[in-house]
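Chemist: Please see the structure below; I have some questions.
Taken together, the values in this text are just the output of simple stated rules run on the coordinates, not laboratory data. All of these numbers come straight from a predicted model, not from anything done at the bench. Neighbour counts are summed over all protein chains in view; Cβ atoms, including those assigned to glycine, are modelled from backbone coordinates with ideal geometry.
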Amino acid sequence: MTEMANRYNVLFLCTGNSARSIMAEAILNHKGKGRFRAYSAGSHPTGQPRPEALRQIESAGISTEGLRSKSWDEFSAPSAPKLDFVFTVCDNAAKEQCPYWPGQPMTAHWGISDPAAVKGTPEEIVRAFREAFVILDRRIGLFLSLPLATLEDLAIKREIDKIGRS
């Protein structure tokens, strides 16, 4: 673990980097206040966060400033921040061959249904984004409750994997 005054860098990955990973980045940066710096990226970024995701973030009282859809290549470059944790939040990204992450960060898969894939009424679409947000918020809350500075790497990995199954 890289510890700079107990600060951890976390990357959330998804294919399009437009909804789930963007929401996770915003939630962790909001809740992790100083202990964590969250980022998000995609294997095939759409180039634009989904407006429904941004509205969900704002409705939770969280800033959307600086959120953008970007490629995971930004985080495998030599100038990228050293990552402590990498979470895939969609099934497609979990099956893809990820880039090499310098420093061997701890990785886990937190599969969450894609709200951007929901077809239906505007209310059904809003509900899908809200449900994804609530799941991410709960998992991130559990992640933040782990005593990261005192647990061994393997024990942390087991706990993070359990959170992804909740």
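Chemist: If the chain between Lys82 and Leu142 were fully stretched, how many nm would it gain, using 0.36 nm times the residue separation less the Cα-Cα distance?
Modeler: Full-extension gain reported as 19.3 nm.
Chemist: In nm, to one decimal, how far is the modelled label at Lys119 from the one at Gln48, with both set 7 Å along Cα→Cβ?
Modeler: Distance between the two pseudo-spin positions: 2.0 nm.
Chemist: Moving to a separate point now. Based on the Cβ-Cβ distance of Lys33 and Arg165, what FRET efficiency does E = 1/(1 + (r/R0)^6) give at R0 = 30 Å, to the nearest 0.05?
Modeler: 0.65
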